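The values are calculated or read from the model by the stated rules, or taken from the named source; none is laboratory data. Quantities reported herein were computed from a predicted structural model and do not represent experimental measurements. A quick note on method: Cβ atoms are made from the backbone with ideal geometry, for glycine too, and the neighbour counts reach across all protein chains shown.
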Amino acid sequence: MKRLDLKVGYACNNMCRHCAQGSKRSTLAGPSSEELRHQMEEACKRGIKSVVFTGGEPTVRPDLLELVRQAKDMGYREIQIQTNGRRFASPAFTRAAINSGMTEFSPALNGHIPALHDYLAQVPGAWRQTVRGIMNVRECSGIKIISNTVITKPNYRFADRIARLLVSLGVDQFQLAFVHPCGSAWTNFDAIVPFISLATPHIHKGLQVGLDAGLHVMAEAMPYCHMQGYEDQVSELYIPPSDVYEAGTKIKDWEKWRIQEGKWKGDSCKTCRYYQICEGPWREYVERRGPSEFIPVPVQ
Ligand code: SF4
């Protein structure tokens, strides 16, 4: 099912060291309520029935739940909020979001202990609020919880422990996303971006924790040469075709943009068994680290 990704603004109550939006939070204003309503109506007319509210941090918008209600009234069947989850530490806010029409909750949890998550978010107490938020949503039946963990240099060794925490919190699905080295992650590259070949075995361990618990788990921006034995867990297999609205422009086909402009494949990749289906790593990663970690898998 095609999906509408609405970036509802760049403001955020965290200050993540790996944030892909970087300085946009202080240089770009978010769209108005009217613009967002218009984008939802326009997509709805084209038959799109799935919408994701993303940012920045959507919950810092005072009109977020009104926008969610409007989406429900327009007939959107899947309404996801991608969030750092902190506002959901309030049971009243959680109930209001669900009553407004949220059907999917997508929190970001980047550490198995407060010190790790809070170091990355640069907000003391963020981990406790995010975990409480997940617990509050879990107590409400019928809401699907799809979490995301950005894999960075400070947390990659703990991917299995983060996965165990997510399983214990009762998420329905989780994704481990290799950090996109843009925005703040580009500025903080040496401190934040791990070597992909060092992160790979830990990401596999984390995925295995989820698989053993019977969950649908995925790893994003991990090319197949680093996903041997976990090919079915490559996220890009499952990302639905999406229309993305960002900073007043519509990147109409996110998948095409991601493959043509966002990702990298080199000449050597042409001999790889996975060449046709692999998107490759983020382009910025190869710009900084070179292509030597991406070794073609021989055709059988
Ligand atoms: S060698 Fe290239 S095509 Fe093959 S899996 Fe790695 S990045 Fe993808």
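Miscellaneous remarks
- Selected residue (only one of Gly47, Gly75, Gly56 is at pLDDT below 95, of a type outside the set (S, T, N, Q) and over 21 Å from the mean Cα position of the chain (by Cα)): Gly47
- Residue count, segment 257-298 (criterion: more than 8 Å from the ligand (Cβ to nearest atom), crowded, with 16+ Cβ neighbours inside 10 Å, within 23 Å of the chain's Cα centre (by Cα) and in a loop (DSSP other than H, G, I, E, B)): 0
- Every pair of residues 6+ apart whose Cβ atoms lie under 6 Å, when the first sits in segment 251-278 and is within 19 Å of Gln233 (Cα to Cα) while the second is at pLDDT below 80 and away from the ligand (no atom under 15 Å from the Cβ): Glu255/Pro241
- Close pairs (6 angstrom Cβ cut-off, 6 or more residues apart or separate chains): in contact (Cβ under 8 Å) with a residue 12 or more places away in the chain and more than 19 Å from Val179 (Cβ to Cβ) in segment 100-126, in a loop (DSSP other than H, G, I, E, B) and among the β-branched types (Val, Ile, Thr) anywhere: Phe105/Ile143
- All positions within segment 33-61 that are under 12 Å from Ile81 (Cα atoms), part of a helix (DSSP H, G or I) and in contact with a Leu (Cβ under 7 Å, 6 or more places away or on another chain): Pro58
- The helices (runs of 4 or more DSSP H) located wholly in segment 127-233 that include 2 or more residues which are in contact (Cβ under 8 Å) with a residue 40 or more places away in the chain and within 16 Å of the ligand (Cβ to nearest atom) occupy 196-212.
- Of all residues in segment 69-92 being in contact with a helix residue (DSSP H, G or I) (Cβ under 9 Å, 6 or more places away or on another chain) and within 15 Å of Arg3 (Cα to Cα), the one that is surrounded by the fewest Cβ atoms within 10 Å (Cβ to Cβ): Gly75
- Filtering segment 47-100 to residues that are aromatic (Phe, Trp, Tyr) and either under 30 Å from Pro114 (Cα atoms) or out of contact with any Cys (no Cβ under 8 Å at 6 or more places or on another chain) (or both) leaves Phe53, Phe88, Phe93.
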